[in-house]
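These notes are about the structure you will find just below.
The values are calculated or read from the model by the stated rules, or taken from the named source; none is laboratory data. What you are looking at is a predicted structure, and each value in this text was computed from that prediction instead of being measured. Positions of Cβ are generated from backbone atoms using ideal geometry, with glycine treated the same way; all protein chains shown enter the neighbour counts.
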Amino acid sequence: MKKVMLKTTLSLAVTLASTQLFASGFALNEQSISGMGTGFAGRSSSADDASTIVGNPAGMSRIKREQVTGGVAFIDAHTDISDASSRPNGGTNKGDMVPFMGVPMGYYVKPIDDHWAFGIGVYAPFGLVTDYENGFAGRYFGSKSEVKIVTLQPTVSYAFNDKVSIGFGPTINRIDGTLESNLSITQAAPDGKVKIKGDDTALGYNIGVLVQATDSTRVGLTYHSKVKYKLDGDTKVNYNVLGLIGQNPNQKYDASLDLTTPESVDFSVTHQLDDKWTLYAGSTWTRWSRLKEITVENKGVPAVLNGQFGTITEEQNWHDTWAHAIGASYQLNKEWVLRTGLSVDQAPTNNTDRSPRIPTGDRKIFSLGAGWSPTDDLTIDVAYSYLREESVKINNTNDRGQTYNAKYENWANGFGVGATYRF
């Protein structure tokens, strides 16, 4: 078994299919239902509810009453796989590898006085689940991935005056990941399995500034820091790697992986056109170029297998990305506000290193939303987003002669529901 056979299985939490996500790479956008309705335009300048904790912590200065905001976004993703070929020949290409999933979120903000406010939020900045069918033709390059990152963010904001405020929150981030692939030493041999699990907790921070530039225009700038993880777990191999009669086919090794999720900068503008219309625009830069390669260290590997299971490095060569969004809201009456937005988002992958785990391209997203306030204390938000990606091609080969080539076309529907209650 050559090293490259295992390399394709050890990109834990990194080489991940993101067709179910509404942000590039393996990032998630779904941290605000009200923001989802405008396509996340004005993310760092709107400060409509307590979800501003993640959008821009300085926005807590605009919240004058203690409040709780919570919600969940549901994502229904689809993929068409065509022009597929593989070696060994055979296998299926159903394209239904992404299960229907939900992304929850919750925030609390309490104004302390005219200057200070405190808040705390729980949300998911990164994550995915992909699970190909058992007979998937590209199973040697990835069969199942599940990664979850949950962030807890206590936050404070300070308003210097009625024009300028700042906010800061440390982030406590928990990552858990599982990744599986099929494994075969020769094309004639039956498949084995490789399964990697790992987890870690790491710290980062979120800082922002909000400026009321004019009576009708507000600008915001938010910086989300990088977070460095060292995932510790194990690599399990269910295969007779030496081909010896009587050898135990189940091997288990201690594994570790250094992973850095990227920093991002968001700048946005909110402009109140009149008593009815509000316009939003924003851009987000994400430093995905940090992901040049990944290295997995396995300990306890016998010397005879060290070349296959020791230190394994895989090239990724991701690049920095920009996302841009515009949106608008219309205050229909005292109870109802209507929202819409359009965003475009670059993919960080390249045509050379793209695999079935990350078969994603540049995307366009159209969003609709509404907020209903039956009382001054309660607002219920709903949102819908439609995502369509450009078609991309996968061309994978390893040194065992196994290949997988295919064309992927991805699209998804997102549904969100949430509520804000003011005390």
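Of all residues in segment 319-334, count the ones that are surrounded by 24 or more Cβ atoms within 10 Å (Cβ to Cβ) and touching a Gly at 6+ places or on another chain (Cβ under 7 Å). Full working, then the answer.
Let us first name the residues in segment 319-334 that are surrounded by 24 or more Cβ atoms within 10 Å (Cβ to Cβ), namely 323, 325, 327, 329.
Okay, now just the ones that are also touching a Gly at 6+ places or on another chain (Cβ under 7 Å), so 325, 327.
So the count comes out to 2.
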For this session: Pick out the one residue from Ile33, Ile63 that is at pLDDT 90 or above and touching a Pro at 6+ places or on another chain (Cβ under 7 Å).
Result: Ile63
Seminar exercise, completed: Those strands (runs of 3 or more DSSP E) completely within segment 335-423 that have 3 or more residues that are at pLDDT 90 or above, of a type outside the set (Asp, Glu) and surrounded by fewer than 21 Cβ atoms within 10 Å (Cβ to Cβ) are 336-345, 363-372, 378-389, 403-422
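Given the residues Ala77, Ala13, Ala27, which is the only one that is at pLDDT below 75 and farther than 23 Å from Gly371 by Cα?
Details: Ala77 fails: at pLDDT below 75; Ala27 fails: at pLDDT below 75.
That would be Ala13, the only listed residue that is at pLDDT below 75 and farther than 23 Å from Gly371 by Cα.
On the basis of being surrounded by fewer than 16 Cβ atoms within 10 Å (Cβ to Cβ), out of contact with any Gly (no Cβ under 6 Å at 6 or more places or on another chain) and either aromatic (Phe, Trp, Tyr) or touching a residue at least 12 places away in the same chain (Cβ under 8 Å) (or both), does Asp200 make the cut? Lay out the reasoning, then the answer.
Details: surrounded by fewer than 16 Cβ atoms within 10 Å (Cβ to Cβ): no; out of contact with any Gly (no Cβ under 6 Å at 6 or more places or on another chain): yes; either aromatic (Phe, Trp, Tyr) or touching a residue at least 12 places away in the same chain (Cβ under 8 Å) (or both): yes.
Spelling it out, it is not the case that Asp200 is surrounded by fewer than 16 Cβ atoms within 10 Å (Cβ to Cβ), out of contact with any Gly (no Cβ under 6 Å at 6 or more places or on another chain) and either aromatic (Phe, Trp, Tyr) or touching a residue at least 12 places away in the same chain (Cβ under 8 Å) (or both).
Anything in segment 112-127 that is free of Cβ contacts under 8 Å to residues at least 24 places away in the same chain and closer than 15 Å to Gly177 by Cβ? List them, or say none. Quick ask: steps written out before the conclusion?
Going through segment 112-127, the residues free of Cβ contacts under 8 Å to residues at least 24 places away in the same chain turn out to be 112-113.
Those that are free of Cβ contacts under 8 Å to residues at least 24 places away in the same chain and closer than 15 Å to Gly177 by Cβ: none in segment 112-127.
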Exercise. So Thr397 clears everything in (1) in contact (Cβ under 8 Å) with a residue 40 or more places away in the chain; (2) of a type in the set (S, T, N, Q); (3) over 26 Å from Ile33 (Cβ atoms) except one condition, right? Which one?
Worked result: (1)
Seminar exercise, completed: The residue that is modelled with the highest pLDDT, considering only those in segment 234-260 that are buried (at least 19 other Cβ atoms within 10 Å of the Cβ) and under 30 Å from Arg287 (Cα atoms), is Leu259
For this session: Determine whether Asp83 is touching a residue at least 12 places away in the same chain (Cβ under 8 Å), surrounded by fewer than 16 Cβ atoms within 10 Å (Cβ to Cβ) and closer than 26 Å to Thr403 by Cβ.
Result: yes
Seminar exercise, completed: Exception for Ile53 within (1) buried (at least 22 other Cβ atoms within 10 Å of the Cβ); (2) hydrophobic (A, V, I, L, M, F, W, C); (3) modelled with pLDDT under 90; (4) in a helix (DSSP H, G or I) falls at (3)
Exercise. For segment 127-151, what are the residues that are closer than 30 Å to Arg65 by Cα and in contact with a Ser or Thr (Cβ under 7 Å, 6 or more places away or on another chain)?
Worked result: Thr151
Exercise. Being at pLDDT below 80, touching a Ser or Thr at 6+ places or on another chain (Cβ under 7 Å) and farther than 24 Å from Ala213 by Cα, is that true of even one residue in segment 271-294?
Worked result: yes
Exercise. Can you find even one residue in segment 128-142 that is under 19 Å from the mean Cα position of the chain (by Cα), touching a residue at least 12 places away in the same chain (Cβ under 8 Å) and surrounded by fewer than 22 Cβ atoms within 10 Å (Cβ to Cβ)?
Worked result: yes
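Inside segment 35-50, can you point out the residues that are assigned to a helix (DSSP H, G or I) and in contact (Cβ under 8 Å) with a residue 24 or more places away in the chain?
Let us first name the residues in segment 35-50 that are assigned to a helix (DSSP H, G or I), namely 35-37.
Within segment 35-50, Met36, Gly37 meet the criteria.
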Exercise. Which of the following residues is within 15 Å of the chain's Cα centre (by Cα) and in contact (Cβ under 8 Å) with a residue 40 or more places away in the chain: Val54, Val109?
Worked result: Val54
